[in-house]
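The values are calculated or read from the model by the stated rules, or taken from the named source; none is laboratory data. Model, not experiment: these values are computed from the prediction. No Cβ is skipped: glycine too gets one built from the backbone with ideal geometry, and neighbour counts run over all protein chains shown. Just so you know, the surface numbers come from the protein's heavy atoms only, side chains and all, with ligands and any DNA or RNA stripped out. Shrake-Rupley method; radii C 1.70, N 1.55, O 1.52, S 1.80 Å.
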Amino acid sequence: IKAFDFFCTFDQTVLVLEYFPGRTLTKAVRKKTFEEPTTKVLFRMLLGAIDHLHQKRIVHRDIKGDNILVSSDLSDLRLLDFNTAKRLLDRGALTMTGTRQYLPPEVLQNTDSPSELSDIWSAGLCLHLMLAGCLPWKAHECLSSDAYCKILINQPLQLEGNTLQHVSESCKVTLRHCLAVQKQCRMSAMQLLEQEWLSECSPDMDAMLFGTRS
C-alpha cells in the first residue's frame, strides 16, 4: 500500500495512505476460492511487494489474509499493516510477533527470530488460502504454540486429494518451496519469482505488475 504523507500530533503519528477499494483476502476466499490463473497473478504481486521489502532489508512479520486487500475483480492486490515491520539494519534480534497460525516452526519453537524466510512461509500460507479456501494446518486457539508447532513438523504438507486436485504441479512446487518446514529449504521472494509457475506470466503481465513497459 502506498504511503503519501504523515503528520504528528501531541500523542500520535498519522499516516496518509492511498485508498484501495477491495476486501481482505480472507473475506474474498470465503465467497469463492480463486482459479489458478487468477491466483498466479495475485501471488506474483504479493511476492513483488515482499521482494521490494526484503531488498530494503525490511521484514513485514505479519503477512496474512487479513493484511492483504484484493480488488473486487481480483486483478489487483495490496499488502498493508506495517505495524510490526522491522528494518534488519537496525540490528538486534527480532521478537516473535504476528499471528500464530501464520508463523513458521522456527519462530514458534523460539529457535530462530523472524526473518525474510518467515515472510515467505506466511506468503505460502496465503497462496494455499487462495487456492483451497483454507490453511493447510489448523491452529486452534486452544492449542499452545508448542502443540501447533508439533502439528507443522509431524504432519507433512498435503497437496494431493480433492482440495488441490485442480492445481498444476508447477504451482505445487512453488507451494513446497514456500512451506518447507526447514527454514534453509525455503526460497527467497526473488528466487520464487523465477520459478517455472510464476515465470510463465507474459511480458505484458510483468509490465502491468512491475511497471517495466518501455
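Looking across region 17-33, the residues that are surrounded by 11 or more Cβ atoms within 10 Å (Cβ to Cβ) and modelled with pLDDT under 95 come down to LEU17, GLY22, ARG30, THR33.
Output yes when any residue across region 40-60 is at pLDDT 95 or above and among the acidic types (Asp, Glu), and no when none is. Scanning region 40-60, I find at least one residue that is at pLDDT 95 or above and among the acidic types (Asp, Glu), so the answer is yes. Does THR38 meet the test of being closer than 27 Å to PRO114 by Cα, open to solvent by 30 Å² or more (accessible area, probe 1.4 Å) and among the hydroxyl-bearing types (Ser, Thr, Tyr)? Considered against the rule, which asks whether it is closer than 27 Å to PRO114 by Cα, open to solvent by 30 Å² or more (accessible area, probe 1.4 Å) and among the hydroxyl-bearing types (Ser, Thr, Tyr), THR38 comes out as no. Can you tell me which residue within region 173-190, out of those that are among the polar types (S, T, N, Q) and surrounded by fewer than 21 Cβ atoms within 10 Å (Cβ to Cβ), is nearest to GLU160 (Cα to Cα)? Residue satisfying both the conditions and the ranking: GLN182. Out of curiosity, is LYS64 in contact with a Cys (Cβ under 9 Å, 6 or more places away or on another chain), open to solvent by 20 Å² or more (accessible area, probe 1.4 Å) and at pLDDT 95 or above? Against the criterion (in contact with a Cys (Cβ under 9 Å, 6 or more places away or on another chain), open to solvent by 20 Å² or more (accessible area, probe 1.4 Å) and at pLDDT 95 or above), LYS64 qualifies. Looking across region 191-203 at every residue that is free of Cβ contacts under 8 Å to residues at least 12 places away in the same chain and part of a loop (DSSP other than H, G, I, E, B), the one that is surrounded by the most Cβ atoms within 10 Å (Cβ to Cβ) is identified as GLU194.
Highlighted here are the strands (runs of 3 or more DSSP E) found entirely within region 1-116 that include at least 1 residues which are more than 18 Å from the chain's Cα centre (by Cα): 3-8, 13-17. A search for C-beta distances below 7 Å between a residue of region 3-24 that is free of Cβ contacts under 8 Å to residues at least 24 places away in the same chain and under 30 Å from LEU129 (Cβ atoms) and any residue that is of a type in the set (Gly, Ala, Ser) and part of a loop (DSSP other than H, G, I, E, B), counting only pairs 6+ apart in sequence or on different chains, returns nothing. When region 141-179 is limited to residues that are in a loop (DSSP other than H, G, I, E, B) and touching a residue at least 40 places away in the same chain (Cβ under 8 Å), the one that is nearest to the chain's Cα centre (by Cα) turns out to be LEU179.
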